[in-house]
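Okay, so here's the structure we're looking at.
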Amino acid sequence: QTDDVLVGVNGQLFKGDVDLLLDIIFECDPETGIFLTIFREGHLFHVIARGPLGCAFEYAKPEITEAAIKKLADANISEREEYRIFEVLRDINRNCVIIDTEPSLMATFASPVWLIQNRLWEVLLAVILIYGATLTVSWMLFAIAVVLLGLYFRQAQLTLQRSFNLMRQRQMWMVLAARSIQEVQETCRQFDPK
């Protein structure tokens with residue numbers, strides 16, 4: 001957002017200029033990305049960028065820079081490998097849903113449990129109907145359906161979560177890197193206590 005300050009790169013204070021920052025971002029590995037620490041409204045949060053950010057950079061005002069550096073010095077930042085990307089979707093009543101973008105093995109091997117966990121009721125109903133219909137025909141057809149649906153959910157889990165939350169009138173609010181869902185909740189409450 002406007003007035004965000006990029007204060008850290010890979011967990012360290014960034015002291016370079018705009019050209020150096022652009023070089024670092026353009027040269028990062030698209031698979032692992034680059035770990036950035038952002039200062040917004042007096043609080044820090046992290047993102048993992050896998051390419052250009054699509055924004056213009058300018059130098060921060062000295063007072064904002066000092067506050068950001070002080071906040072970064074007090075922050076507890078772990079190794080990059082401990083962080084995962086989370087998406088936070090929020091509805092008009094400010095109720096949030098947090099999506100962990102890491103693939104879940106439960107979606108592959110226990111699809112109905114994963115669907116219940118993520119409250120994808122419509123998809124769960126379809127899966128139960130498919131299981132029931134194939135089981136009445138043949139146990140082999142049922143086994144094939146279980147395997148194929150497991151493979152499908154392994155590939156489509158993030159898309160399903162996003163699309164059903166958008167259908168439920170939730171919009172993308174934040175994308176951030178954190179070590180746990182609790183850390184995501186704490187970060188979100190810094191920007192919106194309700």
For Asn93, work out the one condition from (1) under 17 Å from the mean Cα position of the chain (by Cα); (2) farther than 23 Å from Leu20 by Cβ it doesn't fulfil. (1)
State whether the residues of region 143-156 include one that is aliphatic (A, V, I, L, M) and in contact with a strand residue (DSSP E or B) (Cβ under 9 Å, 6 or more places away or on another chain). no
Unmet criterion (only one of (1) under 21 Å from the mean Cα position of the chain (by Cα); (2) under 20 Å from Lys71 (Cα atoms); (3) crowded, with 16+ Cβ neighbours inside 10 Å) for Gln1: (3)
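For Glu41, indicate whether it is exposed (fewer than 14 other Cβ atoms within 10 Å of the Cβ) and at pLDDT below 85.
On the way: exposed (fewer than 14 other Cβ atoms within 10 Å of the Cβ): yes; at pLDDT below 85: no.
No.
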Does region 72-86 hold any residues that are over 25 Å from Glu31 (Cα atoms) and either crowded, with 17+ Cβ neighbours inside 10 Å or more than 23 Å from the chain's Cα centre (by Cα) (or both), and which are they? Leu72, Ala73, Asp74
Among the residues in region 6-15, are any touching a Cys at 6+ places or on another chain (Cβ under 9 Å) and in a strand (DSSP E or B)? no
Every residue from region 162-194 that is assigned to a helix (DSSP H, G or I) and not hydrophobic (A, V, I, L, M, F, W, C): Arg162, Ser163, Asn165, Gln182, Glu183, Gln185, Glu186, Thr187, Arg189, Gln190
Only listed residue being of a type in the set (A, V, I, L, M), surrounded by 15 or more Cβ atoms within 10 Å (Cβ to Cβ), within 20 Å of Arg119 (Cβ to Cβ) and in contact (Cβ under 8 Å) with a residue 40 or more places away in the chain, chosen from Leu166, Leu149, Leu158: Leu158
Quick one: Leu141 ticks every box in (1) touching a residue at least 12 places away in the same chain (Cβ under 8 Å); (2) open to solvent by 50 Å² or more (accessible area, probe 1.4 Å) except a single one, so which number is it? (1)
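With Thr101, Thr65, Thr32 as the choices, which residue is in contact with a strand residue (DSSP E or B) (Cβ under 6 Å, 6 or more places away or on another chain) and open to solvent by 30 Å² or more (accessible area, probe 1.4 Å)?
Residue meeting the stated conditions: Thr101.
The values are calculated or read from the model by the stated rules, or taken from the named source; none is laboratory data. Note that the coordinates shown come from a computational prediction; the quantities given were computed from them, not determined experimentally. Every residue, glycine as well, gets a Cβ built from its backbone with ideal geometry; the counts of neighbours run over all protein chains shown. The area values use the complete protein model at the heavy-atom level, side chains included, leaving out ligands, DNA and RNA. Shrake-Rupley method; radii C 1.70, N 1.55, O 1.52, S 1.80 Å.
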